[in-house]
Amino acid sequence: MNKNIKLAVAGAVLALSATANAGIIIPAGDWTLDIGGNVNTFATSTRVTGATVTGGGIYGSDYHTGNDTGAKNSMNITTGLLPNYLSVSGTTRQNDLDVAFTISINPGTSTIQSGIQNGSSNQENRQAFMTFGDKSWGTFKLGKDIGIFAQNAILNDMTLLGVGRGAGSLAGNTTTTGRIGSGYMYADWKPQINYTTPNMSGFQATVGISQAWNAWTLQGDSAASTGRGEGSPALDFGASYSFSGDAMNGKVWTSATRQRVKNFTGITSGADDSAYAADVGANVNVAGFGLTGYYYKGEGIGQTHQLLDGFDVSGKRRDSDGGYVQATYVLPSKTKLGVAWGQSNLDQNGAADIQGNTKDELTTVGAYHPLTKHLNIVAEYNDAKHEVSGASSGNANGEAKAKTVSLGAILFF
């Protein structure tokens, strides 16, 4: 099984037996190929109540928008936070170097109706990278893969094998949104060049650069302004320490990112500036109990996708922070039960900032049962809240809620 699929499963702290299994191994001359991935599908029911949301980032559509009134109910059959995944990896040892590659395709399950009995869904290509190095001095990675900042936040989120938020509004997408924007930021899948140290008694660190993102500032529902990030790659850093013993195992980590943002276009004023963020987290497992805690803080980084709404319409950075706590327990039947709560905050820059203060919360209760070695049944309840205060000029204030019940399965191979 592809390394990042293994990380995703293990990082979700679900301790399912599928985590230890490789995919389909094929010897091919000097190479060893590994074909692996997952398929997952969930039936979801979402009920939205509360205020109409305008703006609110890309996830404002999780709630009421436009002329919506009263309660809104929706049912979907969709992929969860993990997309469907088909990954091909290859490894070889040449000239005292471990050389490898990974390429993946990621189709969604849900569809958008585009005609009678005719639906379409999105597809992503999240990974296309190569690595080379040696366990004695470390590894270089070049290509597209999961970002360094906030990577461990999503890999340790139990909704990774479930649904989280977004099931009621993202039909046709490859995934739902899990806890993204309600406890951590999206690590995303970035073009990057980085170096990772060898494992030194459980400690590893990664440093690198990644493709600069544009900084988007939403104004109401449709108008947007952008600050360009080209010519200045993001600087990324991550470090972790993993430990294990007879009775306890876990991981402590931190990561950071910084990017220069140039020449705001369409904003009344503004000059070159920087967006940056840092985080810290830990996961500990003892005698069937698991506990995860995480916190991040940034300026100009935004709340959901990196650099989305990180600057106000005058080009000034907006402060943001958030985090989540999560507790799990494995029953004698191998079923894992979990409960988690998280929140993300994006602060207003005074009365001149028309976007106002934004707060998103998500409470999750889940059950994850390994029906077979590779097949897992998942049931979740997610209670999401979105609150905006102090907004003006077409950005509505108030609180909206979205409650989602989901039941489905995820199969790893």
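Does Gln348 meet the test of being farther than 22 Å from Gly168 by Cβ and not hydroxyl-bearing (Ser, Thr, Tyr)?
Details: farther than 22 Å from Gly168 by Cβ: yes; not hydroxyl-bearing (Ser, Thr, Tyr): yes.
Yes; evaluated as a whole, the condition is true for this residue.
Just one of the listed residues (Thr131, Thr139, Thr159) is under 25 Å from Trp341 (Cα atoms), among the hydroxyl-bearing types (Ser, Thr, Tyr) and either at pLDDT 95 or above or surrounded by 19 or more Cβ atoms within 10 Å (Cβ to Cβ) (or both), and it is Thr159.
Within region 219-230, is there a residue that is part of a strand (DSSP E or B), at pLDDT 65 or above and surrounded by 13 or more Cβ atoms within 10 Å (Cβ to Cβ)?
The first filter runs over region 219-230 and keeps only residues part of a strand (DSSP E or B), leaving 219, 223-228.
Right, trim to at pLDDT 65 or above and you get none.
No - not one qualifying residue is present in region 219-230.
Can you pull out the residues in region 385-404 that are crowded, with 18+ Cβ neighbours inside 10 Å and either closer than 30 Å to Ala367 by Cα or at pLDDT below 80 (or both)? Please lay out each step first, then the result.
Of all residues in region 385-404, those crowded, with 18+ Cβ neighbours inside 10 Å come to 385-388, 391, 395-396, 400-402, 404.
Of everything in region 385-404, those that are crowded, with 18+ Cβ neighbours inside 10 Å and either closer than 30 Å to Ala367 by Cα or at pLDDT below 80 (or both) turn out to be Lys385, His386, Glu387, Ala391, Asn395, Ala396, Ala400, Lys401, Ala402, Thr404.
Scanning region 76-108 for residues that are at pLDDT below 90 and among the acidic types (Asp, Glu) yields a count of 0.
When Asn376 is tested against (1) of a type in the set (S, T, N, Q); (2) surrounded by fewer than 20 Cβ atoms within 10 Å (Cβ to Cβ); (3) out of contact with any Lys or Arg (no Cβ under 9 Å at 6 or more places or on another chain), exactly one condition is not met: (2).
How many of the residues in region 312-340 are under 30 Å from Gly288 (Cβ atoms), of a type in the set (A, V, I, L, M, F, W, C) and touching a residue at least 60 places away in the same chain (Cβ under 8 Å)?
If we filter region 312-340 for residues that are under 30 Å from Gly288 (Cβ atoms), which is where we start, we get 322-340.
Those still in the list that are of a type in the set (A, V, I, L, M, F, W, C) too: 325, 327, 330-331, 337, 339-340.
Then drop every residue that is not touching a residue at least 60 places away in the same chain (Cβ under 8 Å), which leaves 330, 340.
Qualifying residue count, region 312-340: 2.
Considered as a group, the residues in region 305-315 that are out of contact with any strand residue (DSSP E or B) (no Cβ under 6 Å at 6 or more places or on another chain) and closer than 18 Å to Gln343 by Cα include one that is surrounded by the fewest Cβ atoms within 10 Å (Cβ to Cβ), and that residue is His305.
Matching residues to (1) surrounded by fewer than 20 Cβ atoms within 10 Å (Cβ to Cβ); (2) more than 29 Å from Gln259 (Cβ to Cβ):
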{"site": "Ala275", "(1), (2)": "no, no"}
{"site": "Val284", "(1), (2)": "yes, yes"}
{"site": "Tyr296", "(1), (2)": "no, no"}
{"site": "Asp321", "(1), (2)": "yes, no"}
{"site": "Gly350", "(1), (2)": "yes, no"}
{"site": "Thr364", "(1), (2)": "no, yes"}
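Which of the residues that make up region 297-343 are in a strand (DSSP E or B) and among the hydrophobic types (A, V, I, L, M, F, W, C)?
Residues of region 297-343 that are in a strand (DSSP E or B), as a first pass: 297-299, 302, 308, 311, 317, 319-330, 336-343.
Scanning region 297-343 gives Leu308, Phe311, Val325, Ala327, Val330, Leu337, Val339, Ala340, Trp341.
Could you tell me whether Val207 is modelled with pLDDT of 85 or more, of a type in the set (A, V, I, L, M, F, W, C) and surrounded by fewer than 23 Cβ atoms within 10 Å (Cβ to Cβ)? Full working, then the answer.
Working: modelled with pLDDT of 85 or more: yes; of a type in the set (A, V, I, L, M, F, W, C): yes; surrounded by fewer than 23 Cβ atoms within 10 Å (Cβ to Cβ): yes.
In short, yes.
If the condition is being surrounded by fewer than 21 Cβ atoms within 10 Å (Cβ to Cβ) and within 13 Å of the chain's Cα centre (by Cα), then region 142-156 contributes only Ile146. Given the condition surrounded by 15 or more Cβ atoms within 10 Å (Cβ to Cβ), basic (Lys, Arg), modelled with pLDDT of 90 or more and more than 24 Å from Ile193 (Cα to Cα), answer yes or no: does some residue in region 255-273 qualify? So far as region 255-273 goes, no, none of its residues is surrounded by 15 or more Cβ atoms within 10 Å (Cβ to Cβ), basic (Lys, Arg), modelled with pLDDT of 90 or more and more than 24 Å from Ile193 (Cα to Cα).
What pairs come out if I take residues in region 71-98 that are within 19 Å of Thr46 (Cβ to Cβ) and crowded, with 23+ Cβ neighbours inside 10 Å and pair them with residues that are charged (D, E, K, R) and at pLDDT 90 or above whose C-beta lies under 8 Å away, six or more apart or interchain? Listed by first residue and then by second, the contacts come to Leu81/Asp157.
Does region 373-380 contain any residue that is part of a loop (DSSP other than H, G, I, E, B) and either among the charged types (D, E, K, R) or touching a residue at least 24 places away in the same chain (Cβ under 8 Å) (or both)?
So in region 373-380, the residues part of a loop (DSSP other than H, G, I, E, B) come out as 373-374.
Retained after the next criterion (residues that are either among the charged types (D, E, K, R) or touching a residue at least 24 places away in the same chain (Cβ under 8 Å) (or both)): 373-374.
Looking through region 373-380, at least one residue is part of a loop (DSSP other than H, G, I, E, B) and either among the charged types (D, E, K, R) or touching a residue at least 24 places away in the same chain (Cβ under 8 Å) (or both).
The values are calculated or read from the model by the stated rules, or taken from the named source; none is laboratory data. Note that this is a predicted model, so its numbers are computed, not measured. Heads up, the Cβs are rebuilt from the backbone with ideal geometry, glycines too, and the neighbour counts pull from every protein chain shown.
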